[in-house]
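The structure under discussion appears below in the form of C-alpha cells.
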Amino acid sequence: MVRPESAKLSFVGSIPTRTSILLLCAHLFLCAQDPRALLDQALQTKKDIYPRVKDYLGREDIRYYRTELPGPRKQTDWNTFDVFVVDQRRVFRLIARNGKPIKPTDRPTSHSRIAFRVEDVLQNHAISLKGEAILLGRKCWVLEAVLDPGSPDNVSREAGMSASDATLWIDQQTHYLLKEESRLRRRWNGFPEGSVVTHEAILHHDLPLSDRILLKRHIPRGKNQTLLETEQIYSNYRRFAAQSAIEFNPAN
C-alpha cells in the first residue's frame, strides 16, 4: 500500500533509482485524485446499481454477544431473517430464534434498526485520500472522513455517520463501496462515543451485496467494562422471481 505521506525519493549519487521513480509517480497520482469526487462517483454508482441489487434476497443472521472484560465472549441471542424488498422497502421475515425455526412473521423492522449512511459524510466531514489497499482481490482507494467537531447533532436513527469519523474502501475499477468503518465521535442514540460499526461487502454476480455488519460498543461499569457486539451475517443470496418464492403471512 502506498501512502502519500510515506512516498519518498532515494538516490544513488544524483541518479534516482527505479523504485524511487515509481514511488514518486504513485505519490503524484494519489495527490491528483480528488477524494470528494471519488466518493461522489461511488455514491452515484451505488444509486445506479440499486435496481439490480434490490432484486436479490438473502438470509440474515443477527447474533448478540456480551463480554465482561477480560472474561470470555458469550452469545446472548440469535435471530434469523429472510430479507427482501417490497415497494422499495426492505422487509425482514423472522424465521428462527436461537437456531430453532418458528412460524415466519413478515414485518418491516426499520423502526428498531439504525443506519450509518455514507451520504452524510459529504455534509460535515473533511475527506482525504489515505492511500490504497487490496480488498476482495480488488485495488481500492482508501478515504478518511473526519467529522467537524462543531457539526450539529442529528438524533435520527439513520444518521449514525453524522456523529462519526469514517474510513471507506472504494474499488478503483468499478467504484463500488466494498467496506465502511464508522467510529462514533460523540454519544448517539444511546451508543457511547468510541462505538465502531464495520460494514463489509461481498461480490455476488459482480454486485456488491452486504456480507457482514459488526457493531461494537464498550459500556463502563465501575472499574470494569462490558463489550457488547451485534454481528449481522448475510448469506444464501438468490434472485427474486428467478430463484425464489415469497409467501406472506397475514397479520394476526
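If the condition is being part of a strand (DSSP E or B), modelled with pLDDT under 95 and either more than 19 Å from Arg187 (Cα to Cα) or over 25 Å from the mean Cα position of the chain (by Cα) (or both), then region 211-229 contributes Pro220, Arg221, Asn224, Gln225. If you scan region 160-191, which residues turn out to be more than 11 Å from the chain's Cα centre (by Cα) and of a type in the set (Phe, Trp, Tyr)? Residues satisfying the conditions are Tyr176, Trp188, Phe191.
Within region 52-73, is even one residue free of Cβ contacts under 8 Å to residues at least 24 places away in the same chain and part of a strand (DSSP E or B)? No, because not a single residue in region 52-73 is free of Cβ contacts under 8 Å to residues at least 24 places away in the same chain and part of a strand (DSSP E or B).
Among the residues of region 176-195, what is the count of those that are assigned to a loop (DSSP other than H, G, I, E, B), in contact with a strand residue (DSSP E or B) (Cβ under 7 Å, 6 or more places away or on another chain) and touching a residue at least 12 places away in the same chain (Cβ under 8 Å)? The total comes to 5. Residues in region 135-175 that are assigned to a strand (DSSP E or B) and not charged (D, E, K, R): 15 in all.
Based on this model, can you work out whether Ala163 counts as farther than 14 Å from Leu39 by Cα, of a type in the set (Gly, Ala, Ser) and either modelled with pLDDT of 95 or more or touching a Ser or Thr at 6+ places or on another chain (Cβ under 9 Å) (or both)? Yes, satisfied.
Can you tell me which of Leu135, Leu147, Leu203 is surrounded by 14 or more Cβ atoms within 10 Å (Cβ to Cβ), in contact (Cβ under 8 Å) with a residue 60 or more places away in the chain and hydrophobic (A, V, I, L, M, F, W, C)? Quick ask: steps written out before the conclusion?
Details: Leu135 fails: in contact (Cβ under 8 Å) with a residue 60 or more places away in the chain; Leu147 fails: in contact (Cβ under 8 Å) with a residue 60 or more places away in the chain.
That would be Leu203, the only listed residue that is surrounded by 14 or more Cβ atoms within 10 Å (Cβ to Cβ), in contact (Cβ under 8 Å) with a residue 60 or more places away in the chain and hydrophobic (A, V, I, L, M, F, W, C).
The values are calculated or read from the model by the stated rules, or taken from the named source; none is laboratory data. These numbers were taken from a predicted model, which means no experiment stands behind them. Note: ideal-geometry Cβ built from the backbone for every residue, glycine included; neighbour counts use all protein chains shown.
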